[in-house]
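**Student:** My questions all concern the structure below.
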Amino acid sequence: MPDPITVVGLGADGWTGLTTPARHAIEQAEVLLGSPRQLALLPSTTSTPPTSDGAADPSGAVRVPWPSPLSEALPRLLAEHRGRRICVLASGDPTFHGIGTTLVRLLGADAVHVIPQPSSVSLACARLGWAQDQVQVVSLVTNPVERLHPHLQPGRRVLILSRGAQTPAEVADLLIARGYGSSEFTVLEQLGGPAERVRTTNATDWSDDVDPLNVIAVLCPHDAPVLSTAPGLPDDAYENDGQLTKREVRAVTLSRLAPVPGQLLWDIGGGAGSIAIEWSRHHPTCHAIAVERDPDRAKRLERNVAALGAAVETVEGAAPAALDGLESPDAIFIGGGATAAGMFDACWNALRPGGRLVANGVTLETESLIAQWYKAVGGDLIRLEVQRAAAVGTMTGWRPAMPVTIWSVTK
């Protein structure tokens, strides 16, 4: 068996902050992999300045800076240096939004030995006096800034892992646009290093230059606008052309879909994207694929995804043909196109065992198909009718919406 790859977490204090086992792992390595910044934190006697193809130091170690994009190049790099003692440098705790998790996923836990340092989250909470278990952590290293939206709630404490020097300004702009400009806004730079700096203001007043190595802490005001992650956002939260699963129907539909952390939803006939979006807002690890055949609606759906910070991929095309090649789902919602030839068969066959299928219908044609499948495989069948108060002259009366048939079944 080859030696496990060792992953060493580095703080901003570099070599001086490392434990003896961490230093020993670096000194014994034949290959050192890391970002140029991380490699530069090592003493010159341990590794030479990085070159594009790796350079040998006097002790025989080869220093290789990460290429970009790393995810595509990583298997090739590991294969090139197979059979040699490899040490990978990481920031802080390598298994917290770090390269350590990626390596374990590629190679297995037995092939990776991790020596962590305190994470930037641990250091930030220590500086702020925040309870780490009461903080929501959001990584913007590879995600768009809009992913913050579901986590911005009154009184919430949010720690944001930055992509670089520009991230604090992007976050401040988003907070202001969302009505959270009065949030306490703290930028912590070079945590744990000799150049550490912590600055606090509010989002509205933030305008300073920032070191690329930074973490952002946001304390949301208690009187900030509420946009809950519970199913049933207000209808006006979505840009739409009328093709929208209405609020009350949406809440019942999502209760049948039963979002589970880490699972994937197919939203077929996405329309404004409300089902896919609220599925993904349930938990940061929930994600969805929305299939929409109309190009204008697909673009509108993507705008709603960005505005509400959802992890939703849009596939433009007509189902069931557009479903070919998609990752197998844990749940499927058929909100449009149910009468297309082969739709129910394709969805049922694609669904993972234990997955949930939910179909909504308002037409007799769709209800007829639903009735056939209900008879064949069972499940739960309800009809939902909603009435809303509306003006009747100078008074108020009840105005009924079209009834919706909802079929749900577990495979």
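The values are calculated or read from the model by the stated rules, or taken from the named source; none is laboratory data. It should be emphasised that the depicted structure is a prediction, and the values quoted were computed from it without experimental measurement. Here the Cβ is made from the backbone with ideal geometry for all residues, glycine too, and neighbour counts use every protein chain on show. Keep in mind that these areas ignore ligands, DNA and RNA; they rest on the heavy atoms of the full protein, side chains included. Shrake-Rupley method; radii C 1.70, N 1.55, O 1.52, S 1.80 Å.
**Student:** Listed residues Asp235, Asp241, Asp267; which is over 21 Å from Ile406 (Cβ atoms) and not polar (S, T, N, Q)?
**Tutor:** Values: Asp235 fails: over 21 Å from Ile406 (Cβ atoms); Asp267 fails: over 21 Å from Ile406 (Cβ atoms).
Checking each option against the conditions leaves just Asp241.
**Student:** Which residues, counting only those in the stretch 150-189, are open to solvent by less than 10 Å² (accessible area, probe 1.4 Å), under 20 Å from the mean Cα position of the chain (by Cα) and over 19 Å from Leu308 (Cβ atoms)?
**Tutor:** Leu159, Gly164, Thr167, Pro168, Ala172
**Student:** Among what's in the stretch 82-97 and is open to solvent by less than 20 Å² (accessible area, probe 1.4 Å) and part of a loop (DSSP other than H, G, I, E, B), pick the residue that is farthest from Thr285 (Cα to Cα). Explain how you work it out, then say what you get.
**Tutor:** Going residue by residue through the stretch 82-97, those that are open to solvent by less than 20 Å² (accessible area, probe 1.4 Å) are 86-90, 92, 94.
When the remaining residues are screened for being part of a loop (DSSP other than H, G, I, E, B), the result is 92, 94.
Working: Gly92: 22, Pro94: 19 Å.
Among them, the one singled out is Gly92.
**Student:** Restricting to the stretch 46-81, what's the tally of residues that are open to solvent by 90 Å² or more (accessible area, probe 1.4 Å) and either modelled with pLDDT of 55 or more or within 27 Å of the chain's Cα centre (by Cα) (or both)? Give the steps one after another, and end with the answer.
**Tutor:** Looking only at the stretch 46-81, we keep the residues that are open to solvent by 90 Å² or more (accessible area, probe 1.4 Å), and these are 49, 52-53, 58, 68, 71-72, 76, 80.
Now drop any that are not either modelled with pLDDT of 55 or more or within 27 Å of the chain's Cα centre (by Cα) (or both), which leaves 68, 71-72, 76, 80.
Number satisfying all stated conditions: 5.
**Student:** Give Trp407, Trp373, Trp398 a once-over and let me know the one that is surrounded by 11 or more Cβ atoms within 10 Å (Cβ to Cβ) and more than 22 Å from Ala288 (Cβ to Cβ). Even if it seems obvious, please write down each step before you answer.
**Tutor:** Numbers: Trp407 fails: more than 22 Å from Ala288 (Cβ to Cβ); Trp398 fails: surrounded by 11 or more Cβ atoms within 10 Å (Cβ to Cβ).
Criteria check complete, one pass: Trp373.
**Student:** Further, regarding this structure: Are there any pairs with C-beta distances below 8 angstrom linking a residue in the stretch 285-303 that is among the basic types (Lys, Arg) to a residue that is assigned to a helix (DSSP H, G or I), with the two at least 6 apart or on different chains, and if so which?
**Tutor:** Arg293/Ala322
**Student:** Restricting to the stretch 235-249, give me the number of residues that are in contact (Cβ under 8 Å) with a residue 60 or more places away in the chain, open to solvent by less than 70 Å² (accessible area, probe 1.4 Å) and farther than 16 Å from Gly361 by Cβ.
**Tutor:** Going through the stretch 235-249 one residue at a time, the tally reaches 3.
**Student:** On to the next question. Pick out the one residue from Ala319, Ala298 that is surrounded by 17 or more Cβ atoms within 10 Å (Cβ to Cβ) and closer than 19 Å to Thr339 by Cβ. Can you show your working first?
**Tutor:** Numbers: Ala298 fails: closer than 19 Å to Thr339 by Cβ.
When all the criteria are applied, what remains is Ala319.
**Student:** Which numbered condition in (1) small (Gly, Ala, Ser); (2) at pLDDT below 95; (3) touching a Ser or Thr at 6+ places or on another chain (Cβ under 6 Å) is the only one that Ser207 fails?
**Tutor:** Only one criterion in (1) small (Gly, Ala, Ser); (2) at pLDDT below 95; (3) touching a Ser or Thr at 6+ places or on another chain (Cβ under 6 Å) is unmet by Ser207, namely (3).
**Student:** Test of understanding: among Gly192, Gly179, which residue is modelled with pLDDT of 95 or more, of a type outside the set (A, V, I, L, M, F, W, C) and on the phi > 0 side of the Ramachandran plot?
**Tutor:** Working: Gly192 fails: modelled with pLDDT of 95 or more.
Of the residues listed, the single one that is modelled with pLDDT of 95 or more, of a type outside the set (A, V, I, L, M, F, W, C) and on the phi > 0 side of the Ramachandran plot is Gly179.
**Student:** Here's something else I'd like to know. Give me the residue from the stretch 191-219 that is in contact with a helix residue (DSSP H, G or I) (Cβ under 7 Å, 6 or more places away or on another chain) and of a type in the set (Gly, Ala, Ser) and, out of that set, surrounded by the fewest Cβ atoms within 10 Å (Cβ to Cβ).
**Tutor:** The selected residue is Gly192.
**Student:** Right, another one. Whether any residue in the stretch 132-145 is closer than 30 Å to Ser183 by Cβ, open to solvent by 50 Å² or more (accessible area, probe 1.4 Å), aliphatic (A, V, I, L, M) and part of a loop (DSSP other than H, G, I, E, B) is what I want to check.
**Tutor:** To start, the set of residues in the stretch 132-145 that are closer than 30 Å to Ser183 by Cβ comprises 132-145.
Remaining after also requiring open to solvent by 50 Å² or more (accessible area, probe 1.4 Å): 132-134, 141-142, 144.
Remaining after also requiring aliphatic (A, V, I, L, M): 141.
Imposing the further condition that a residue be part of a loop (DSSP other than H, G, I, E, B) reduces the set to 141.
Yes, the stretch 132-145 has at least one match.
**Student:** Still on this structure: Within the group Ile289, Ile268, which residue is under 21 Å from Ala346 (Cα atoms), in contact with a Leu (Cβ under 7 Å, 6 or more places away or on another chain), of a type in the set (Val, Ile, Thr) and open to solvent by less than 20 Å² (accessible area, probe 1.4 Å)? I'd like the intermediate steps shown before the answer.
**Tutor:** Numbers: Ile268 fails: in contact with a Leu (Cβ under 7 Å, 6 or more places away or on another chain).
Just one listed residue meets the conditions, Ile289.
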